[in-house]
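First comes the structure, then the notes that go with it.
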């Protein structure tokens, strides 16, 4: 009798605990891992992006346009991880992100497309908008003091190219903030496929705050050095984060190297 | 080379810094060259002498130059090198082989030196503290560090620090590189931050002082004028130290242009540097 009584008590306890925990259904989520706010969104506050956003959801990208010969030459040298269609050696990859090199801009936006859980937050400092990202825990600054973008980089008297470029931003109207970026360091890849982008590329982000909880982002690239025409690199929605908190998401090089050397290479998935 | 983790471009910037220092001292044509708003000119930061006016109330926002910035900012007090260890603390410290203490690069097991792993907190506030930008939102303050281009968040909404970092339960938090921070103004010019829950694999200082996940680090920011901000840090970690440890005091100066060098870290460059230069040069047979 005693084991049955004990079992019943345990089951009752578990039920009690279960009842105390929140029971969530699919309707409680925007997409996997992104909780829906409990109340409907209000109107977008004017000229205000502050807060933690997660995305992109509903991402739609235009196909990458044909490249110039210079673009093709660089692309040819890059071997995306797991891509067996462009390389003679299956699984051979020289993606710099494998050993935790910075993603660079704008690839850091795309990386968030993995499960759509990448978070970012907008804050401000004198003359700037600051954007802090969950992925790799990096941050960018966007100058709003009316300055012009640098005309050149990496030449005498000019600033150096940067992994996340040089950015200026402005409010186009009360709900649309536009950022223009140039001067990106050419070493990072544009995307996971390994497409290039030049330091003279002009990359524009348009943030449209549709309401209190939804922020739409469109990214276009104009890079005549490597591509035959401009295109829309990314369209997606970012949603307001319930609780407004981040996870700490560092890419740890020692762990990445250990994974490569103890797992990836012995398994035959060769990486740089 | 303290900045080996940075991109090659930052190395070039370092050369430009030295050039700027040389020309700045002589008032030569470099000072009359057109200024790009996108570049940091350390001589301009050095020329911004004096307090610059009273400190704004409860406001540290903006970009600040720390030591190694060329702005003439000096470190007041370095971290303790010989704190009062517990036996466990001494055991952990002895395992950490910091470069520069009679230890060559090839012999060091500093995860930052060998792999460009993030410093973690508190080391990111007392090592390579070249520049930081502080931004404030209603419920938190961000400290955005130029070295390695990473950021920390400090909650100012009155929450308590977490206390559990092991075991199971809703109140158990994972140890993380930057730890969990809360902050408050204790007067109009002093901002106090407390942090705990830092992942144990990081070092508290460049010299290899260890810390446990239960360590509590207190930072005391004090803005004494428009141009001056100081930071004093102490660590209380009874598991590893029999009394609190001073992690030093750092000075910051306001940067008039609010621009600084880029110090994005590039691990592949580190691996190349170690493989082609540092490790061969550190080998027993290498010429000195």
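No value in this document is a laboratory result; all are computed from the given coordinates. Please read all numbers here as calculations on a predicted model, not as lab measurements. Positions of Cβ are backbone-derived with ideal geometry, glycine not excepted, and every protein chain shown enters the neighbour counts.
Counting Cβ atoms of other protein chains within 10 Å of each Cβ in A:62-70 and taking the mean gives 0.
Most tightly packed first, judged by the mean number of other beta-carbon atoms within 10 Å of their residues, the peptides B:120-131, A:255-266 read B:120-131, A:255-266. With R₀ fixed at 41 Å, the C-beta to C-beta distance from residue A:178 to residue B:174 puts the FRET efficiency at about 0.65.
For segment B:162-227 and segment B:230-253, write down the distance between their C-alpha centroids in whole Å. Their Cα centres are 11 Å away from one another. Based on Cα contacts under 8 Å between residues 6+ apart, chain B shows a relative contact order of 26 percent.
From helices alone, chain B scores -4500 deg cm²/dmol at 222 nm; the rule is -39500 (n - 2.57) for each run of n ≥ 4 DSSP H residues, then divide by the residue total.
Mean partner shielding of peptide A:150-159, defined as the number of other chain Cβ atoms within 10 Å of each residue Cβ, is 3. Relative contact order, whole percent, for segment A:188-257 stands at 23, derived from Cα pairs under 8 Å and 6 or more residues apart.
Stokes-Einstein diffusion for segment A:26-264 at 10 °C, viscosity 1.306 mPa s, with a Kirkwood radius from C-alpha pairs, works out to 84 µm²/s.
A simple packing score, the average count of other Cβ atoms within 10 Å per residue, orders the peptides B:252-260, A:60-68 as B:252-260, A:60-68, with the highest score first. From most to least packed by mean Cβ count within 10 Å, the peptides B:236-243, B:67-74 give B:67-74, B:236-243. Peptide B:167-176 has a mean shielding of 1, counted as Cβ atoms of other protein chains within 10 Å of each residue's Cβ.
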